[in-house]
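Have a look at the structure below before the remarks.
Just so it is clear, none of the values below were taken in a lab; they were calculated from the coordinates. These numbers were taken from a predicted model, which means no experiment stands behind them. Neighbour counts are summed over all protein chains in view; Cβ atoms, including those assigned to glycine, are modelled from backbone coordinates with ideal geometry.
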Amino acid sequence: MSGWRERVCIAASMWLVLASPVPGWAQQYWAPVRVQTEGPAATPATFAPAESSTSPFSVLVGTNWASAYYWRGFRQTPNGSPNLQPYLELGVKLLKDAGPLSSLVIAPGIWTNWNDGSRTDFDREEFWLTLPYFKATATWWETLSTTVTYTYYKSVGSSSGLNEVGLGFGLNDAKWLGAFAFNPNLLLAFDFETEEALTGSLPSYRVYMGLGLAPGYTFFESSRLPVNISVPMTFGFSVKDFYVQRRVSRCPAVITAGFGNCVTFEDQNQAFGYFSGGPLISMPLKFIPASFGSWTLQGGVQFLALNSALAARNDQRSFVPIGSVGLSLTY
């Protein structure tokens with residue numbers, strides 16, 4: 001059996017096992033929004049049981065289909081090629097209502113992207129990116145979440161991986177703004193190795209900053225088929241050497257003399273990397289019996305606006321639409 005068929009069979013087997021009937025409290029769990037360009041470890045959202053749940057354990061499993069895969073503006077697969085993105089996350093609530101600390105949750109997980117097509121940077125017929133991660137999220141006063149995440153990026157065709165530590169901050173401002181909440185969030189990510197399969201040849205120590213908003217509104221909230229429409233937006237910035245543009249210039253005449261054609265290279269940091277935003281529609285499938293868990297169907301379109309360095313790596317395309325649809329199960 002070929003490699004890609006084995007992976008599909010493993011993914012399908014994992015889905016069938018985890019989708020088995022579960023206890024009635026399953027529908028009380030909350031599934032965080034999955035942002036296709038980032039992966040699950042990028043958002044500071046808390047993954048934890050609802051307060052009415054009696055169990056400290058939680059499970060999230062699902063998959064997305066996307067028309068392209070970009071990692072913080074870096075193209076990973078050809079535009080228009082199908083990408084399958086299964087994920088699995090386990091949550092354990094360690095503390096609850098300890099003074100200002102509303103909850104403390106740890107959650108190991110894995111997120112993958114599989115593309116059956118030619119790689120953007122390698123002569124391969126398939127691309128499989130694996131993101132095992134571990135995160136700890138503390139929620140304060142039921143409004144502020146702080147998350148520490150370790151993620152290891154490993155792709156097919158690369159002998160090394162990218163180690164990253166992320167610090168995430170999220171604010172649930174619905175307490176003050178109600179239905180007009182913006183849900184702002186901030187991510188600071190520190191990369192400690194260079195992974196050419198993701199970003200190309202860049203410095204070994206880099207710092208990324210992402211600023212995000214996710215305004216939205218739920219229609220038919222009391223019905224069996226509520227519809228949530230949100231517009232998640234992300235602004236990606238380089239704090240240190242994350243987005244670098246290499247400039248080539250000729251050497252001064254005094255140096256060029258006797259050496260023929262001489263050129264110099266200078267790497268310049270670009271503060272702004274990309275903007276991502278677009279409508280996302282989520283539908284909790286409440287008509288499914290609670291004993292089978294809490295199911296959510298979602299789909300949407302993202303629009304990427306890339307800086308000049310990222311556009312140069314994307315066939316000079318600075319604007320990219322990405323469509324996606326996904327299904328998740330929580331219990």
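Simple spin-label estimate for F275 and Q316 gives 2.3 nm between the two label positions (7 Å along the Cα-to-Cβ direction from each Cα). Taking packing as the residue-averaged number of other Cβ atoms within 10 angstrom, the listed peptides 132-142, 312-322 run from highest to lowest as 132-142, 312-322.
At full extension, L101 and K240 could sit 46.8 nm farther apart than now, given 0.36 nm per residue minus the alpha carbon distance. Taking a straight line from the alpha carbon of K240, these lysines sit under 24 Å away, with near neighbours fewer than eight places off in the same chain left out: K135, K154.
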